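Following: one structure in structure tokens, then a few remarks.
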Amino acid sequence: MKTIFMLLPLAVLSASQNVEYGQIPLEEQPIGEIPLQPGSVLTTEPLTIDGIPLLGFGTWNLKTNCSEAVSWAIQTGYRHIDCAAAYGNEYDVGRGIADGLLKTGLTREDLWITSKLWNDHHDPNKVESAIDDSLEKLGVGYLDLYHMHWPVRTGSLGRNYIDYRDTWNAMGAFVENGKTRHIGVSNFSPHQMENLLNHTSHTPSVHQMELHPYLQQNDWIKWHEKHGIHVTAYSPFAGTNPTYQPGDPEHLLKNDVITKIADKRGCTAAQVALQWGMARGTSVIPKTSHLERATENFHSLECVLKKKDLEKIDELGKAHHRFNNPSKSWGLGLYEGLEDSKGEHKEHS
């Protein structure tokens, strides 16, 4: 395998020289220690699921230096890698995982690896071939979590329609045969979640969705907590992903509220945004192709926010904005009953 470690910029190596590679299981980090009042500290735990590190490394749109970035993330201390068949880079992610494990002396069991089923494999007869393909490309014997990427099936003629119950039941077999430890969903609406729970014996372990200070979905998170379903937040920096069109809100990492809190707490804006997400009990999966930013994001674990900081960030939710909404291009109604489901970006009380 090509040696990636030697290609890392000296500046990055210098900035991270205090990291003990392979010795940082995230679930043991003091995530989200938030002083509530003198003498009291709240340590946030994941909502329900065991073992999922609250800080993960995302791979959506990770292309040119994908293997290097994933390897560096593992060397820096990330133990949660989020992948998907639709990202088109699972082979490169797998090379990065292998290299990162080699450099750190860790084993597959030390990582939490997530992947996702794409819409063109919702046919129950195609589901198993999809997970097998992901396992082969990633070079791992099993997944920790396998999501249904969308409640959407793409037919042979390219037509999209809502379809998920039969697909979900087929996915349940993967837990029984050891191909994944957990199964989950992504981008479901409240009605779809209720319908799924009413017709399955396999409650989703995790629901992955867009969450950030501009799209907080507090009531939706509480619903998942009530039903024992962990929540993972994608796009924790709001509209910074190059796939998104510029939205109404100000760039999150340049927002005055975020930057002022960052200056006051000795953190960066990105670290504040990530710590806010983890303090809610959700896992966050920031993506970056810049190795120095991956290191910066990892140190969000050391960013301590006070209750008044969280309250100020919570106020940003009044100008809510959903960036990832393919409803029009797919000809479907998605996110029904959720904040900003139609792209209207209305303020709410």
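The values are calculated or read from the model by the stated rules, or taken from the named source; none is laboratory data. Bear in mind that the values here come from a model prediction, so they are computed numbers and not experimental data. All Cβ positions, even for glycine, are placed from backbone atoms using ideal geometry, and neighbour counts span all protein chains on display. Only protein heavy atoms, including side chains, enter the accessible area calculation; ligands, DNA and RNA are left aside. Shrake-Rupley method; radii C 1.70, N 1.55, O 1.52, S 1.80 Å.
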For the range 310-320, Karplus couplings with θ = phi - 60° (6.51, -1.76, 1.60), whole Hz, Gly/Pro x
5, 5, 5, 5, 4, 5, 5, x, 5, 9, 5
Return the percentage of antiparallel bridges among DSSP beta bridges fully within the range 112-215, rounded to the nearest 5 %.
25 percent
Here the relative contact order (percent) of the range 102-205, from C-alpha pairs under 8 Å and at least 6 apart, is 28 percent
Residues whose built amide H sits under 5 Å from the amide H of Ile49, excluding neighbours closer than 5 in sequence, are His230
From the phi angles alone, apply the Karplus equation (6.51, -1.76, 1.60; θ = phi - 60°) to the range 188-201 and give each ³J(HN,Hα) in whole Hz, x where the residue is Gly or Pro.
8, 8, x, 4, 5, 5, 4, 4, 5, 5, 7, 10, 8, 9
Heavy-atom accessible area per residue of the range 40-170, all protein chains kept, 1.4 Å probe, expressed in Å², is 37 Å²
Take Arg165 and Arg293, extend 7 Å from each Cα along the Cα→Cβ direction, and tell me the distance between the two endpoints in nm.
4.3 nm
Enter the accessible area of Trp60 (Å², nearest 10), with the probe set to 1.4 Å and all protein chains included.
60 Å²
Three-way shape call for the range 70-216 based on the alpha-carbon gyration tensor, with the a/c threshold at 1.5
prolate
Of Tyr142, Thr180, His191, whose Cα points farthest to the positive end of the dipole of the range 115-194 (charges on the beta-carbon: +1 Lys, Arg; -1 Asp, Glu; origin at the Cα centre)?
His191
If amide H atoms are built 1.01 Å from N in the plane of the peptide, which residues on other chains or at least 5 residues away come under 5 Å of the amide H of Ser189?
Tyr335
Probe radius 1.4 Å, ligands and nucleic acids ignored: give me the carbon and sulfur share of the accessible area of the range 134-259 as a rounded percent.
46 percent
Full-extension gain between Ser329 and Ser129, please, as 0.36 nm times their residue separation minus the C-alpha to C-alpha distance.
69.3 nm
Per-residue accessible area, 1.4 Å probe, largest first, puts Glu109, Glu128, Glu136 in the order Glu136, Glu109, Glu128
Given H placed on each backbone N at 1.01 Å, which residues far from Val284 in sequence or on other chains put an amide H within less than 5 Å of it?
Leu55, Gly56, Ala233
Normalised by the residues of the range 35-180, what does the relative contact order come to in percent, with Cα pairs under 8 Å and at least six apart?
20 percent
DSSP-defined antiparallel bridges as percent of all bridges, the range 206-349, nearest 5
10 percent
Phi angles of the range 136-145, converted by Karplus (6.51 cos²θ - 1.76 cosθ + 1.60, θ = phi - 60°) into ³J(HN,Hα) in whole Hz with x for Gly and Pro, give 5, 5, 6, x, 10, x, 7, 9, 7, 8
